[in-house]
Amino acid sequence: MKRFYRVILLLLVIVLIMAITLQGCGLKSESQLIKIYKNLDLKDYKCQELVADKNKSEQLAREIYIEPQLSKTLKYLEYLRKNDTKFVLYKVDYKKIEVKEQTDDTAKLLVESEVTGDFFTIKYPEKKLESLVARPLKYEITLKRVNNTWYISEAKPLS
């Protein structure tokens, strides 16, 4: 009888270990997804600040985005370069980030934030062009996981 209980205990331990391992590889908690999104979002602003260096800004964009959003972002960076403009972020105030849907490799988030920063010329000496003061933004963000790395695949403006 003792042997039976040991076998049952061993099976329970194995199941518990497998469950913990699979959870670590599968779904992310909402707080983890929000942290992932914030990191990607801040990298995007850095991308806009480095726009004068085409290679650096486009490489950074490829670390943040996958299609279809990657093409849109690369076009926007090119637009900034053609207009000799960059954006320097001062502050992002995330008012609300809510995970609406989630599977193993995708997540949809509702994001409301206020962004403060300035547009500058790229050429030296830099000139301040325009300020962006606490502009409210609302987006539906789609995150996708590729090779165990999360990317933004779509950013739909809602406002």
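The values are calculated or read from the model by the stated rules, or taken from the named source; none is laboratory data. What you are looking at is a predicted structure, and each value in this text was computed from that prediction instead of being measured. Backbone-built Cβ (ideal geometry, glycine too); neighbour counts: all protein chains shown. Side chains are part of the model used for accessible areas, which takes the heavy atoms of the whole protein and leaves out ligands, DNA and RNA. Shrake-Rupley method; radii C 1.70, N 1.55, O 1.52, S 1.80 Å.
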| query | Expressed as a rounded percentage, what relative contact order does the range 30-157 have, with Cα pairs under 8 Å and six or more residues apart? | reply | 23
| note | Simple spin-label estimate for R81/K156, 7 Å along Cα→Cβ, in nm, reads 3.1
| Looking at this model, which pairs from K35/K108; K35/K144; K128/K156 are more than 20 angstrom apart at the alpha-carbon? | K128/K156
| field | Overall form of the range 51-121 per C-alpha gyration tensor (a/c, 1.5; a/b vs b/c) | value | oblate
| task | Mind computing the radius of gyration and Dmax over the alpha-carbon atoms of the range 30-157? Å is fine for both. | result | 14.8, 48
| With every protein chain kept in the model, how would you rank R135, R81 by accessible area, 1.4 Å probe, largest at the top? | R135, R81
| message | Run the simple label-point estimate for S71 and L132 please: 7 Å along Cα→C-beta, distance reported in nm. | response | 2.3
| request: Could you state, as a whole-number percent, how many of the C-alpha pairs of the range 82-136 are farther apart than 17 Å? | output: 54
